[in-house]
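The values are calculated or read from the model by the stated rules, or taken from the named source; none is laboratory data. This structure is a prediction, so every number in the text was calculated from the model and none was measured. Neighbour counts run over all protein chains shown; Cβ positions are idealised from the backbone, glycine included. Each accessible area value is taken on the protein alone, full model and side chains, heavy atoms only, with ligands, DNA and RNA left out. Shrake-Rupley method; radii C 1.70, N 1.55, O 1.52, S 1.80 Å.
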Amino acid sequence: MNQYFRKGFGLLLVLFLLLGSTSSIANQIAKFPQELRMVRGEWKEFQFLLPVWATATVQNPTVVKVNGSTEQAVSLQLDRPLRLESHQQGSTRLTLKLFGTFPLKKLDIRVVPELKVIPGGQSIGVKLKANGVLVVGHHQVQTSQGPVTPAEKAKLQIGDYIIRANGKEIHSVQDMSSEIRKSGEAKKPIQLTIRRDKKEITTQIGPALDAKENQYRLGVYIRDSVAGVGTLTFYDPASKNYGALGHVISDVDTGQPIEIGGGKVIHSSVTSIQKGESGEPGEKRAIFFREDQVLGNINKNTPFGIFGKMDEKPDQGLQKEAVPIALREQVKEGPAKILTVVDGQKVEEFDVQITHVTRQNFPATKGIIIKVTDKRLLEKTGGIVQGMSGSPILQDGKLVGAVTHVFVNDPTSGYGTFIEWMLQDAGVINQSADALGSAFSFP
C-alpha cells in the first residue's frame, strides 16, 4: 500500500510542479471548455502544452473521434494538439485523465446537423394587424354640457386592447365605431372587454355626443394596424418559414409590442436615403407596390423580429442558394458582410467589421456589435439607417445574424442579433427539443 501511495504522491507532485511551472499551461487548461457544440463534419483542436501523457475516454465514440480514433479510450501526449472530429449527430462526454488515473477535465459534447437557409437582404413592406384595437391616447369630447372624457372616467388605460364590444369581436376601428354609435343611439353604456397585461377585464362606458360633429365618442384614440418597411433576413426552403427585422414591432405612441392579429409582407422599393448623422439616425425611404401580390403572412412579432410563411422563395435576392448558419459560439470578431438594399430592389453586399461578440447562453437581443467599413455604403447612408433592420450578417460564408439597431451617436455602428435566436422564433429550430441543443443532459 505504501508503494502505491508513494507512486500516487509522486505523480501528484509532478502534476503540481508542471501546473505551477508556467501560467500559460494553467491558462490553457482553464480555457478548455466544459460544454461544446459542433456541427457534423466540423473539427476542433485544443492545446495543453503539458509534457505528459493522458487518456481520453469518450462515452459514445461514434459521435466524436479523438485524434482520428473511434476507440472509446485513446492515449494522448498532451504536448501535442488534441483534435476532436464530429462524426455523427448526438451527445457524448469526453473525460481526460492524467496518466490514465487523475481526472483533469470533463467535456460534454453535442454534435448537431448542419442547418442551411437562404439569406435575404430584400426590402419588404410590413402591414401588421393588432389583435383587437389598441388604446393609444385620451381626448375630451365637446358636448353641449361641456367637455367630458368618458374613457378616462371608466379607467380605460393607454396600452389596453379592446377585444369585444357589446359581446361582438372587435378587429378594426370601423368595428369599434359601429358599436359606439349603436350604444349611443340606444342611450345605453357600451360593454367592453379589454385585455391588459394578458388579463381580460370587463367595463362599461357611456358614449358622449360630440356637439360639433354630431358623433358619439368615448374620448379615446385607437389604432388597429401599423405599417412600415424593413429587411428580410432569411428564408428556409424546407419549412417555407421566414424571419425579418431582427427586433420587435412596437406601437409608436405606447412603446409597447404590437399583439398581432395577423398581417402580411409585401413588395417594397427604396426610393431615397436620408443619411444618418451623429444624434440623428438616417432612414430608408421606400414605397409599397404590387400590394395585391402578398409575399407572406405574419404570425409572430417577437423581440427577434417578425415571422411567418412564404409560399415561394423570395426573388431579387443576391444569394440564390442556402448557406450554412453559424452557431452563436462560432461568431467571432473580424471582417463580415451585410446584405441590404439602398436603391430600388437591388440587394447588395457591403463590408462591415464585427467589433464585439457577447456570449449568450439564452435568447437575448444585442449579441453582436458591428461597424460599417464599406466606403460606398458610408457615402450613401452614413452607416446603419432605419429600414436596414433585418439585414443579414454573413461571416466566412455563414449566416451569423441580423442588423437590429443603430447607435444614435455613431451611425457607422450598431447592434445585431444572433441568427440562432431568430431561427428559434421562426420555428426552424424546435425550442422544446432544440436541434442545435444548447442544453446538455448526461448521467
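The set of residues in the range 111-125 that are open to solvent by less than 10 Å² (accessible area, probe 1.4 Å) and out of contact with any Phe, Trp or Tyr (no Cβ under 7 Å at 6 or more places or on another chain) comprises Val111, Val112, Gly121, Ile124.
Hey, can you tell me all the residues within the range 386-419 that are crowded, with 24+ Cβ neighbours inside 10 Å and assigned to a loop (DSSP other than H, G, I, E, B)? Reasoning before the result, please.
Step one: filter the range 386-419 for residues crowded, with 24+ Cβ neighbours inside 10 Å, giving 387-393, 399-404, 406, 414, 416-419.
Listed by number, the residues that qualify are Gly387, Met388, Ser389, Gly390, Ser391.
Looking for something assigned to a loop (DSSP other than H, G, I, E, B) and surrounded by fewer than 17 Cβ atoms within 10 Å (Cβ to Cβ) - is there at least one such residue anywhere in the range 368-376? Quick ask: steps written out before the conclusion?
Within the range 368-376, the first condition is being assigned to a loop (DSSP other than H, G, I, E, B), and the residues that meet it are 373-374.
Adding the requirement that they be surrounded by fewer than 17 Cβ atoms within 10 Å (Cβ to Cβ) leaves 373.
So far as the range 368-376 goes, yes, one or more of its residues are assigned to a loop (DSSP other than H, G, I, E, B) and surrounded by fewer than 17 Cβ atoms within 10 Å (Cβ to Cβ).
The residue that is surrounded by the most Cβ atoms within 10 Å (Cβ to Cβ), counting only those in the range 232-265 that are out of contact with any strand residue (DSSP E or B) (no Cβ under 8 Å at 6 or more places or on another chain) and within 30 Å of Ile118 (Cα to Cα), is Ser239. Taking the range 190-231 as the range and being open to solvent by 60 Å² or more (accessible area, probe 1.4 Å), under 22 Å from Gln142 (Cα atoms) and not in a strand (DSSP E or B) as the test, the residues that pass are Ala211, Lys212, Glu213, Asn214. Identify, please: which residue in the range 20-70 is basic (Lys, Arg) and at pLDDT 85 or above and is, among those, surrounded by the most Cβ atoms within 10 Å (Cβ to Cβ)? Filtering the range 20-70 for residues that are basic (Lys, Arg) and at pLDDT 85 or above, the one surrounded by the most Cβ atoms within 10 Å (Cβ to Cβ) comes out as Arg37. Checking each residue in the range 140-174 for being touching a residue at least 60 places away in the same chain (Cβ under 8 Å), of a type in the set (S, T, N, Q) and open to solvent by 70 Å² or more (accessible area, probe 1.4 Å) picks out Gln140, Gln142, Ser144. Scanning the range 262-303 for residues that are farther than 13 Å from Ala244 by Cα and small (Gly, Ala, Ser) turns up Gly262, Gly263, Ser268, Ser269, Ser272, Gly276, Ser278, Gly279, Gly282, Ala286.
Give the range 304-336 a look and list any residue that's among the charged types (D, E, K, R) and crowded, with 19+ Cβ neighbours inside 10 Å, or say none.
Listed by number, the list holds a single entry, Arg328.
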